[in-house]
Amino acid sequence: MAQHIYQSQLLHFLNAEELVHFEDGALVVDDETGRIVEVGAAQDILARYENLAVTRYENKIIMPGFIDSHVHFPQVDVIASYGAQLLDWLNNYTFPTEISFKDQDKASQTAHFFLNELFKNGTTTALVFATVHKESVNAFFNASEHYNSRMICGKVMMDRNAPDELCDTAQSSFDDTQELIDQWHEKGRQLYAVTPRFAITSTAEQLEKAGQLMQANPTVYMQTHLSENQAEIDFVKELFPERKSYLDVYDYYGLLGPRSVFAHGVHLDKEDFERLSETRSGIAFCPTSNLFLGSGLFDLQQAQSHGVPVSMASDVGGGTSFSMLQTLNEAYKICQLRGVSLQARQAFYMLTLGNAKALSLEDKIGNFEVGKEADFIVMDCHSTALMQRKVGTCKTLDEMLFSMMILGDDRAISETYVAGKPVYKKA
Ligand code: GUN
Ligand code: ZN
């Protein structure tokens, strides 16, 4: 059997409270199935698997690959575009850029760049927006299939308040989405998400179609945006005066549920949180985006105290970094301004098993349980002179992890493995 041992300091979570940490650990991976065979103390594992090849790391930590619960692959060229808040930013930069994704070559080249950027940052799974074009989804899934990465993606549904070139119709979005579901959902590691962009760019008729798609395809996901920005919320009120809140628009059309992920949720009230919790609908917390677009300070504690599943997300290109470590850095500061200090343990739990749970993927990824898919990263604790110096002063694992999440970025990712195969190695 082709199996391989990776020996290093190592950690993963069994649940939100239990972190397993080996100063000298070993991960046994089956190269053919791409699954975890065993994890444990190196001394024990090495004695029992005498004939396997061993890769040893110094000053590194092996952990499960990071999961990004909200990101836009066509927005790699929109990142770091100057000026204004959400609606102007969409009209001035995002929509014009997304028009070019009807071209499958452009979409394919961008999808490969995007996936390589994720791997370089230690992200192995993401919930991804494509554009309104079927071609963009085909390009993305073809690229993801090439790397055998576990990805969730969907064709944007939008039939108003956007340039003509980006608008579908309620019926064409329904037909195209069903065709893409049939083609891609659960094909290898690929999964589909029904993707109405947000309430502003969909007619009532289109949202109704999105709800029908969710009903007809019970294992697909739903992703959209919710209560990110005040002007956006005011516009939704104008468009749907009969609904009692922004969330209620989605609720009315049957879009809430355990496989639904709402990006942002910065300006929600108690009733909204209760309804999200009741329906087990998730929120993707997008700290770098919320700061960059001046959207507001997400209230992580309030969401969690209502029992709403919250995941961590980059939201590139509204977000400013592919790095989930940098995402934690900004999440920490937002929580500080809300009067709570986000603990490193909770933060790394969210990036791995927590986000896997929020995406109903905890039976497949998120930790090193035997039989799970071997998506893992090798983090470099000495990736810069400053980090090496800082880590040298840390007395506990928590202090060290905290330094990594504040100082770390793509340089802290040494290697990334997807289903047991290397997809990135730092030069
Ligand atoms: N709301 C609707 N579309 C978008 C988008 O592309 N990015 C962000 N951040 N918010 C949105
Ligand atoms: Zn977004």
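In table form, for the structure just shown:
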{"read-out": "Lone qualifier among Thr94, Thr131 - being among the β-branched types (Val, Ile, Thr), part of a helix (DSSP H, G or I) and closer than 30 Å to Thr177 by Cβ", "value": "Thr94"}
{"read-out": "Residues that are assigned to a loop (DSSP other than H, G, I, E, B), in contact with a Phe, Trp or Tyr (Cβ under 9 Å, 6 or more places away or on another chain) and either within 13 Å of ligand 1 (Cβ to nearest atom) or free of Cβ contacts under 8 Å to residues at least 12 places away in the same chain (or both), drawn from the range 274-309", "value": "Cys286, Leu293, Phe298"}
{"read-out": "The lone exception for Gly257 - which of (1) buried (at least 16 other Cβ atoms within 10 Å of the Cβ); (2) away from ligand 1 (no atom under 13 Å from the Cβ) it fails", "value": "(1)"}
{"read-out": "Some residue of the range 185-204 being free of Cβ contacts under 8 Å to residues at least 40 places away in the same chain, more than 16 Å from ligand 2 (Cβ to nearest atom) and over 25 Å from Lys357 (Cβ atoms)", "value": "no"}
{"read-out": "Residue check for Glu117: under 19 Å from the mean Cα position of the chain (by Cα) and in a helix (DSSP H, G or I)", "value": "yes"}
{"read-out": "Residue that is farthest from Gln171 (Cα to Cα) [pool: residues in the range 200-216 that are out of contact with any Lys or Arg (no Cβ under 9 Å at 6 or more places or on another chain) and of a type in the set (A, V, I, L, M, F, W, C)]", "value": "Ala216"}
{"read-out": "Per-region count, the range 172-196, residues touching a helix residue (DSSP H, G or I) at 6+ places or on another chain (Cβ under 9 Å) and either of a type outside the set (D, E, K, R) or within 16 Å of ligand 1 (Cβ to nearest atom) (or both)", "value": "15"}
{"read-out": "Inter-residue pairs, beta-carbon under 6 Å, first among the acidic types (Asp, Glu) and in the range 117-134, second within 16 Å of ligand 1 (Cβ to nearest atom) and at pLDDT 95 or above, 6+ apart", "value": "Glu117/Phe322"}
{"read-out": "Tally of residues being within 13 Å of ligand 2 (Cβ to nearest atom) and on the phi > 0 side of the Ramachandran plot across the range 292-320", "value": "1"}
{"read-out": "Positions within the range 34-81 being more than 30 Å from Phe140 (Cα to Cα), small (Gly, Ala, Ser) and either modelled with pLDDT under 95 or part of a strand (DSSP E or B) (or both), in sequence order", "value": "Gly40, Ala41, Ala53"}
{"read-out": "Selected residue (criterion: farthest from ligand 1 (Cβ to nearest atom)) from residues of the range 73-94 that are over 22 Å from the mean Cα position of the chain (by Cα) and hydrophobic (A, V, I, L, M, F, W, C)", "value": "Ala84"}
{"read-out": "Candidate set from the range 153-183 (those that are crowded, with 24+ Cβ neighbours inside 10 Å and out of contact with any Ser or Thr (no Cβ under 7 Å at 6 or more places or on another chain)); member that is farthest from Phe376 (Cα to Cα)", "value": "Ser173"}
{"read-out": "Any chance Glu271 is in contact (Cβ under 8 Å) with a residue 12 or more places away in the chain, over 18 Å from Thr195 (Cα atoms) and of a type in the set (Asp, Glu)", "value": "yes"}
{"read-out": "Enumeration of residues in the range 310-330 that are more than 16 Å from ligand 1 (Cβ to nearest atom) and more than 14 Å from the chain's Cα centre (by Cα)", "value": "Asn329"}
{"read-out": "Residue identified as surrounded by fewer than 19 Cβ atoms within 10 Å (Cβ to Cβ), away from ligand 1 (no atom under 16 Å from the Cβ), over 23 Å from Ser295 (Cβ atoms) and among the hydroxyl-bearing types (Ser, Thr, Tyr) among Ser341, Ser360, Ser383", "value": "Ser360"}
{"read-out": "3 or more residues hydrophobic (A, V, I, L, M, F, W, C): qualifying helices (runs of 4 or more DSSP H) within the range 351-427", "value": "385-393, 397-407"}
{"read-out": "Among residues of the range 59-84, those that are touching a His at 6+ places or on another chain (Cβ under 9 Å) and surrounded by fewer than 17 Cβ atoms within 10 Å (Cβ to Cβ), counted", "value": "1"}
{"read-out": "Thr33 being of a type outside the set (Gly, Ala, Ser) and within 26 Å of Val418 (Cβ to Cβ)", "value": "yes"}
{"read-out": "Verdict on Tyr349 being surrounded by 21 or more Cβ atoms within 10 Å (Cβ to Cβ) and more than 16 Å from ligand 2 (Cβ to nearest atom)", "value": "yes"}
{"read-out": "Qualifying residue in the range 327-337 (condition: on the phi > 0 side of the Ramachandran plot and either among the charged types (D, E, K, R) or in contact with a Gly (Cβ under 8 Å, 6 or more places away or on another chain) (or both))", "value": "no"}
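Each row is one residue, and each column tells you yes or no for (1) in contact (Cβ under 8 Å) with a residue 60 or more places away in the chain; (2) away from ligand 2 (no atom under 16 Å from the Cβ); (3) closer than 29 Å to Glu23 by Cβ.
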site: Arg56; (1), (2), (3): no, yes, yes
site: Phe66; (1), (2), (3): yes, yes, yes
site: Val76; (1), (2), (3): yes, no, no
site: Ala80; (1), (2), (3): yes, no, no
site: Asn91; (1), (2), (3): no, no, no
site: Ile99; (1), (2), (3): yes, yes, no
site: Ser108; (1), (2), (3): no, yes, no
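The values are calculated or read from the model by the stated rules, or taken from the named source; none is laboratory data. Keep in mind it's a predicted model, so treat the numbers as computed, not measured. Cβ coordinates were reconstructed from backbone atoms using ideal geometry, including for glycine residues, and neighbour counts include every protein chain displayed.
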